Amino acid sequence: MLTGLRVAELLDALGAKTPAPASGSAAALTGALAAALAELAARFAGDDDAVERARALGARLGGLADEDAAAYTAFMAGRTDETRARIVAVPEEIAACADEVAALAERVRAELASSVAGDAEAAAELARSAARVARRLAALNV
């Protein structure tokens, strides 16, 4: 489980000469980092609904990092219509979750004083990047 690894272990896993984890998992984890920053910003904004949604999105994105690695491993073991569909569906879900994180961060940003606005802005930018990467992977995997 990637979210249970120490940072150095995670970086080693991503850099290893293996098919997975790779960029799909990295995109999901980037989205999860963005969600954590959106949660921080929402806490400063006093927006409890946004805090809870950011937490839920972060947890889902963390799970999708593992799902992406498992999906790609299964595809490499047996290239079927089912395994191909999965390596498209998982990055598409990563992108959708990351899009929601970006929108949430942008909404919360409007409620913040300048001292923590940068965290919301960073959350939005990281989430948009994660979504772009995930969409590109889904397109490549079709």
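General observations
- Dipole magnitude for the chain: computed about the Cα centre from +1 point charges on Lys and Arg Cβ and -1 point charges on Asp and Glu Cβ, it is near 480 debye.
- Helix 23-45 vs. the chain, principal-axis angle (Cα, 0 to 90°, nearest 10): 10
- Most mobile listed residue (V108, V51, V116) in the chain, GNM with C-alpha springs under 10 Å: V116
- A89/R43 FRET efficiency (R0 25 Å; Cβ-Cβ; nearest 0.05): 0.20
- Normalised by the number of residues in the chain, the average gap of Cα pairs under 8 Å and 6 or more apart makes the relative contact order 33 percent.
- Kirkwood-Stokes translational diffusion coefficient of region 63-138, alpha-carbon pairs, 25 °C, 0.890 mPa s, µm²/s: 182
- Ordering of 69-75, 12-18, 123-129 by packing [mean C-beta count within 10 Å, highest first]: 123-129, 69-75, 12-18
- Residues E82, E39, E92, ordered by accessible area of protein heavy atoms at a 1.4 angstrom probe radius and largest first, appear as E82, E92, E39.
- Top of E106, E67, E52 by mean-square fluctuation, Gaussian network on the chain, Cα under 10 Å: E52
- Each label point was placed 7 Å from the Cα along the Cα-to-Cβ direction; for D12 and R79 their separation is 3.2 nm.
- Cα centroid separation, region 107-142 to region 39-61: 14 Å.
- Binned Cα-Cα distances of region 1-119, short to long, each 10 Å bin given as a whole percent: 15, 39, 28, 14, 4, 0
- For V101, the solvent-accessible surface with a 1.4 Å probe is about 0 Å², rounded to the nearest 10.
The values are calculated or read from the model by the stated rules, or taken from the named source; none is laboratory data. Quick caveat: nothing in here was measured; it's all calculated off a predicted structure. Neighbour counts run over all protein chains shown; Cβ positions are idealised from the backbone, glycine included. We work out accessible area using only protein heavy atoms, side chains counted, and drop any ligands, DNA or RNA first. Shrake-Rupley method; radii C 1.70, N 1.55, O 1.52, S 1.80 Å.
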